[in-house]
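*Asks:* Below are the structure tokens for one structure; questions will follow.
All of the numbers you see were taken from the coordinates with simple rules; none came from a lab. All values reported here derive from a predicted model rather than from experimental measurement. When we count neighbours, we look across all protein chains shown, and the Cβ atoms used for this are built from the backbone with ideal geometry, even at glycine.
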Amino acid sequence: MEQDQVMHGRPTHPPADPREQQRHVIRVLVVAQVLGGIGAGATLSLGALLAAELSGSSAWSGMAATMATLGAAAAAVPLATLAQRRGRSVSLSAGAVVAGSGALLAITAASLSLFPLLLAALVLLGVGSATGLQARFAATDLASEQTRGRSLALVVWSTTIGAVLGPNLFEPGEAVAGILGIPALSGGFVFSAAAQVGAALLYRLGLRPDPLLTALRLQAAERTDGGPGVAPAKRRGLAVLARTPAARYAVVSIAVAHAAMVSLMAMTPVHLHDHGAGLSVVGLTISLHVAGMYALSPVFGWVADRAGTTRGILCGQLLLLAALLTAWRGAESEALVTVSLVLLGFGWSACIVSASALLAGAVGVTERAPAQGSSDLLMNLAGATGGALAGPALVLLGYAGLGLVAAVPVAAVLGWTLTRLVAARRRAPLAG
């Protein structure tokens, strides 16, 4: 296999100019992420409605997000393992194909009125989210240390387009459903399936030469030339994180940021609705939150590259803490809740971009994919846990209490970050 040849320092074909290849990789990833975002957006907007319809109770509507999140968590490590063995092209295209299959299965479930089959479809659709998360790491395989954050952030930003388009597929989906003779709510999944097939083709055909295999080949050449190189990793991703302090810090930052974001965001529509807000207010608040998650990611990537990834994480944690404290103090104000959700999106974006860039640079090329897969697994599990605990917390403590509780782990990671910055400042004079 090509991977075996790479690991022994025998390239399968002459490597392209890494800088030119990196520009090509970013272009491919951006377009594929737009398509993947459309698929994910359709899942989130229509999955809950379809779950309520097939189950006969709105109480089951939340299972759409839960099953999709579990699917993303389950796929994270297998996709990373496939990337390590066969390259990003094979891994990402396989993930998109599985997600597309999930969309077709959702249509089948709706046509047969089978709720358990829909749950299985949502798990497969969640693999599309895992694919999108790992695509951001593909942007770092050939990036230089000075541009790693911006490259990753640009791919994250491109998700905005699909995330905005996806939830607006309800009416066009109804028209397509009428033409195809399938249930109205399943029509949007036709777009989702087509988008995932398009993304799979782009990944498979566009990522040539493969960015991860090229990075491995370049490292093998360094070892052949007497360069430092890094020995091939034998440990699994979690073991790599356990023995690498910077990577461990990055993954905890990602997981805590994601859990805080999911827990507050998931309960905001319920809180606003219970306090008499109209659907237009709820929709606007969530739309502004989603825009905050993605729209400024290039800015946060620039901050990570110029100021350092740890300072970028610090920026994100301060924004998250401001968002959660605003939710605590302004729970009874629609305007302040909206401000809180926008700040929450900004904080999530800054943390995810900076911490992902730190993780990519903290481990060797041969360890990168396993570590990133474990990171995405823990990120999704943290999000699922945060979402699951948010409901009981809202009932017991109210929206203000939920914001305050979610602020506790964020404040703990903030303290960890400040400790790292102080230690780095103390080491700087010694290094000089």
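*Asks:* Please rank SER375, SER55, SER144, fewest neighbouring Cβ atoms within 10 Å first, as an exposure proxy.
*Replies:* Result, fewest neighbours first: SER144, SER55, SER375.
*Asks:* Something else about it: Take the Cα atoms of the stretch 14-214, find their three principal axes, and give me the spread along each one in whole Å, biggest first.
*Replies:* 56, 30, 25
*Asks:* Sticking with this structure for a sec: I want to check the label-to-label distance for LEU421 and ARG19. Put each point 7 Å from Cα in the C-beta direction and report it in nm to one decimal.
*Replies:* 3.3
*Asks:* In what sequence do VAL353, VAL252, VAL422 fall when counting other Cβ within 10 Å, fewest first?
*Replies:* Ranked by crowding around the Cβ, least crowded first: VAL422, VAL252, VAL353.
*Asks:* Any idea what the dipole of the stretch 236-432 comes to, in debye rounded to 20, about its Cα centre with Lys/Arg Cβ at +1 and Asp/Glu Cβ at -1?
*Replies:* 940
*Asks:* Which order results if GLU53, GLU20 are arranged by neighbouring Cβ count within 10 Å, fewest first?
*Replies:* Starting with the residue having the fewest Cβ neighbours, the order is GLU20, GLU53.
*Asks:* Sorted by average packing, counted as other Cβ atoms within 10 angstrom per residue and highest first, what order do 117-125, 286-294 take?
*Replies:* Most protected by this proxy first, the peptides run 117-125, 286-294.
*Asks:* Given the rule -39500 (n - 2.57) for each run of at least 4 DSSP H residues, summed and divided by the residues of the chain, what is its mean residue ellipticity at 222 nm, to the nearest 500 deg cm²/dmol?
*Replies:* Taken over the chain, the calculation gives -29000 deg cm²/dmol.
*Asks:* Another one. Eigenvalues of the Cα gyration tensor times 5, then square-rooted: what semi-axes does that give for the chain, in whole angstrom, largest first?
*Replies:* Values: eigenvalues 244, 162, 56 Å².
They are 35, 28, 17 Å, listed from largest to smallest.
*Asks:* Still on this model: For the chain, what are the DSSP H helices with axial Cα length of 18 Å or more and mean Kyte-Doolittle hydropathy of at least 0.0?
*Replies:* Flagged H segments are 18-55, 63-86, 88-112, 115-138, 148-165, 188-206, 211-224, 245-274, 279-294, 309-329, 334-362, 365-431.
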